[in-house]
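Presented below is the structure to which this report refers.
All of the numbers you see were taken from the coordinates with simple rules; none came from a lab. If you're wondering where the values come from, they're calculated on a predicted model, not measured in any experiment. Every residue, glycine among them, receives a Cβ derived from its backbone with ideal geometry; neighbour counts consider all protein chains shown.
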Ligand SMILES: [Zn+2]
């Protein structure tokens, strides 16, 4: 119950919680629908955000949300249901009627795990009572409570679905990915992670691991904290302090090895582009000289 309370009370966290991430000036009024071109912020995002930001917007500038008038750190998404940007957004949960994001993810997963365990305990107890009734022929003398049958069926169905959901969430934590990123990686529908590939010994292209994947153990600690106490109890291991470390939902540690490979790929890609444009130039010049002759 306390994990449930903390999930809602703490909330997922939003860039709007940080005054430094708000955008006050636009080159055009964002509310002016008459202008077709989208407004550009007239200011730069704060340095504590930019030093760690990997993902850029379509025009190669830092990502921002014109609906919320704020900068979007990595892993932030605008939630249409709650109407604002959510840090490390996972999903909108209709059972909680709130978004699950950076600050309440741990409590949410603890809630799932504890509720799943509770359901199996209740299922075990109710099955035991029902078994005793049928084994001792008690059912011939007295009525069986409908509540008992209901609790047995409900605990089984909820236990089953909550266990699946808890296992899925723990798997996501082990990979340091959110449900949204998981879908993006599966479909790659936005062409994100342009340089996220390498070639194996046979020359076959394969995808690199997620850039935020720090190894299973560290990934778990990033969400649940360092100690047993923090793993089991709904204690906060995050801080809403803008420019302090990696506990604020704005800055994330990255896998250095993957990052190096990204950089190499980007460099190679640039070289290739340069060579291509040189080649095109040469062909054009040759054609022109041909025409002159
Ligand atoms: Zn937004």
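When 262, 231 are arranged by Cβ crowding within 10 Å, least crowded first, meaning fewest neighbours, the order is 231, 262.
Shape verdict for segment 35-152, please, from the Cα gyration tensor: rounded (a/c under 1.5), prolate (a/b greater than b/c) or oblate. Prolate, since a/c reaches 1.5 and a/b exceeds b/c. Between 264, 157, 136, the residue with the greatest mean-square fluctuation in the GNM of the chain (Cα pairs under 10 Å linked by springs) is 136. Fewest neighbouring Cβ atoms within 10 Å first, the residues 283, 122, 223 line up as 283, 122, 223. Neighbour counts of other Cβ atoms within 10 Å put 1, 89 in the fewest-to-most order 1, 89. Once divided by 2.2 N^0.38 Å, the Cα radius of gyration of the chain becomes 1.39.
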